[in-house]
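Below: the structure, in structure tokens.
All of the numbers you see were taken from the coordinates with simple rules; none came from a lab. The structure presented is a predicted model; accordingly, all values stated were derived computationally and were not measured. When we count neighbours, we look across all protein chains shown, and the Cβ atoms used for this are built from the backbone with ideal geometry, even at glycine.
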Amino acid sequence: MRMTKQNTFGIILALLASAACSRSGPGAENQPARPAAVDAARLLHADSEAGNWMTTGRTYGEQRFSPLADVNAQNVGQLALAWSYDLDTRRGQEATPLVIDGVMYFTTAWSKVVALDAATGARVWTYDPKVPPEWAVNACCDVVNRGLAAWNGKVFLGTLDGRLIALDAASGKPVWSTLTIDPAFRYTITGAPRVVKGKVLIGNGGAEMSVRGYISAYDAETGKLAWRFYTIPGDPSKPFENPALEKAAKTWTGEWWKLGGGGTVWDSMAYDADLDLLYVGTGNGGPWNERIRSPRGGDNLYLASIVALRPDTGEMVWYYQETPGEMWDYTSTQHIIVADITFDGKPRKVLLHAPKNGFFYVIDRTNGELLSAKPYTFINWATGVDMKTGRPVETGIARYPGPKPAPVVPGPLGAHSWQPMSFDPQTGFVYFSVHDAGFLYKSPEHFQKNALSPNYGIDVVAAELPQDPNIKKAIISSVKGRLVAWDPATQTQVWEAPRTTAWNGGVLSTAGGLVFEGTGDGNFEALRAANGEKLWSYFVQAGVVAAPVAYTVKGEQYVAILVGWGGVFPLAPGEIALRPKPLANIGRMLAFKIGGKASLPPPVEITPPVLNPPPATASPAAVAKGERIFQTYCAGCHGDAAVSGGILPDLRYSSSLSDDSWFNIVLGGSLVGNGMISFAKELSRDDAEAARAFVIYRANQSLAQSKSAGGSPGTKKH
């Protein structure tokens, strides 16, 4: 049905009336009847409003535990689809929705915003910030967005091109907008803002794109900058922004500021109101390779750290660096949880953290003291963490010192990435998605800073998936995923649920004794929180990486999840990310309830086209040159070794391999509207021709391998 202004106004009035009747908690009777009327009191007492989900982690402590229990281990088998809402993009979907007084607000790919009636899925409003498609080249890991913040009748959005926008929650119209970045640099925003004490907090991404990380605080009413904390020092010949950076500069060498340095705050934050501390996770170094950005070594503070800040001023109170001298893309931007647990026989106020590097950390959140750090999966870059120094004990291969590639585990995918964890205070367990995947790190013979490609500082060809069939099969089969229940008090795994692929979704636990997670192969599951027994599953037809939420409308409990396969794993690793039966990547918001009556249309299977490349006639030298160009400029979107993971086009099948349209695309920018920019500033026609020669070579190689294996390279689409 086409929505008219009258329809929209009627829905808003109905939602306002419902909200006015349904609010509970301190001061509820005095709260204004307006959408997203969120304030400090409501967020601090979020558990008294169990039916709402008012901030991305549900509470300031980011536990992602719902006190709702109407859907429980006894009746979850009756959970069924209540409604669905189709999205207008087939890119990755990573957002956690907010549900406030009967209205659901969430973001989608390309930083778009949707507001729905949370009981029916009816559209209230949508907003498109119109991110320039060409800005996608600055996004290392898809054009995703992880969500919104709400405060005083507004919802706040960070856009891929670096804007922070306040939207009126009733209409979706902009109230104010501010640019949080210098557009001369390749920053992006994919994370969800938070609001603490009337300030909107937002970071950014782009460590591989030669930027310097920071987190900013803006006044929620005006959009005026309140403070900014840089996570790494800048040019030491200029005044340091604060004393913490003067200290940090002593741990860097060389001219790191000319390369950016990294340390971006692209996701995790949590807040403890009693201590009045904001906890922020910082990112990897830029370039990854420490020998390039800080050639004489050093810890490179405050990369890969948790820092505690005063939310009023941005003053640093303490820090703990999880990966000193980071050089593997081991970010600490993964989900931070605030919890009170009994540790070593004593009640402790802690932070719980499972960053990319493979260690689970229990940290005293009052002062940053490390209480425990244990591997939560297999790793080979370190043997443990020295509890006297808090530093990892690195192995001989960790810093990829030799002339051959070093097989380091985990790789840049991380043993656990951005997908949110959940802490269940009833079981005392943390539930999170684990990925087992290594990587071949090797320093490059020569490093050149590029303006239109990521600056990893590694040999990108050495990291390529080998094409020897036996080696390739072994590597692909070694990449696995699982859902883990972890006891932080004993630092032990309690149970695990194996998955068919890496890169599965974020997690929700509930007072109903359940753990919910979506999977990369397209299922949404409920497991028993105590032992991991699978109790319910629903085929959602697309891979899931986002985290679910639970909420109520008029006393009825719903569980909702945003589906849509995407992020870095389906893009960059190529063949490793391929699934046996690829489906059309239809993004949807799905809501379930006991006795739901809705259904999805039949899934749409994708039949791959026939591989029919032109003959491979280029010289080995030309192919080798093209391989390096492709791995540098193209693989991040179109897949390692020219094999797409299924989200963006697989260039082996491209008709442009046979004519000059290849140059119109690569150099002329004819597909810039799809996010494919012109690379004419850095690549010559000969370079573009070499890249095409490599893709043609790979297409013929893939065709020969398929025939040799007795398979079919694909059938024609109908």
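Each of (i) 95, 75, 62; (ii) 77, 62, 48; (iii) 78, 66, 44 is a candidate for Cα extents along the principal axes in Å; the one calculated from this structure is (ii). Each listed q (0.13, 0.14, 0.15 Å⁻¹) maps to a log10 I(q)/I(0) for segment 197-304, found by the Debye formula over equal Cα scatterers with no solvent: -0.49, -0.56, -0.63. In this label model, ILE606 and ALA273 are separated by 4.5 nm, measuring between points 7 Å along each Cα→Cβ vector. Peptide packing for 525-536, 280-291 was compared via the average number of neighbouring C-beta atoms within 10 Å per residue; ordered from the highest value, the list is 280-291, 525-536. Each principal axis of segment 620-708 carries a Cα extent, and these read 39, 30, 23 Å when sorted largest first. With all pairs of separate Cα atoms included, segment 73-139 yields a Kirkwood hydrodynamic radius of 13.9 Å. Were the residues from SER670 through THR120 laid out at 0.36 nm apart, the gain over their Cα-Cα distance would be 193.9 nm. With Rg and the Kirkwood Rh both taken from Cα atoms, where does Rg over Rh land for segment 22-167? Ratio value, two decimals: 0.99. 3J(HN,Hα) along segment 411-422, derived from phi through the Karplus expression 6.51 cos²θ - 1.76 cosθ + 1.60 where θ = phi - 60°, amounts to x, x, 5, x, 6, 9, 10, 5, 4, x, 8, 9 Hz, with x in place of Gly and Pro.
Going by neighbour counts of Cβ atoms within 10 Å, the residues VAL666, VAL113, VAL175 line up, fewest first, as VAL175, VAL113, VAL666. Packing order of peptides 260-267, 698-705, 596-603, highest average first: 260-267, 698-705, 596-603 (average count of other Cβ atoms within 10 Å over each peptide's residues).
Extending 7 Å from the Cα toward the beta-carbon at both GLU246 and LYS681 defines two label points whose distance is 3.7 nm. Between segment 121-167 and segment 267-346, the alpha-carbon centres lie 25 Å apart. Residues ILE458, ILE379, arranged from fewest to most other Cβ atoms within 10 angstrom of their Cβ, appear as ILE379, ILE458.
In the structure shown, do any of LYS374/LYS480; LYS258/LYS681; LYS554/LYS593; LYS247/LYS374; LYS199/LYS224; LYS356/LYS480 have a Cα-Cα gap over 18 Å, and if so which? Beyond 18 Å between Cα atoms: LYS374/LYS480; LYS258/LYS681; LYS247/LYS374. Separation of segment 50-72 and segment 545-607 by C-alpha centroid, Å? That distance is 20 Å. Between ARG310 and GLU369, the distance separating the two model label sites (each 7 Å from Cα on the Cα→Cβ line) works out to 2.3 nm. Taken over segment 473-549, the convex hull of the Cα atoms encloses 105 Å³ per residue. Neighbour counting of Cβ atoms within 10 Å sorts the residues ARG186, ARG64, fewest neighbours leading, into ARG186, ARG64. Using a cutoff of 8 angstrom between alpha carbon atoms and counting only pairs six or more residues apart, the relative contact order for the chain works out to 13 percent.
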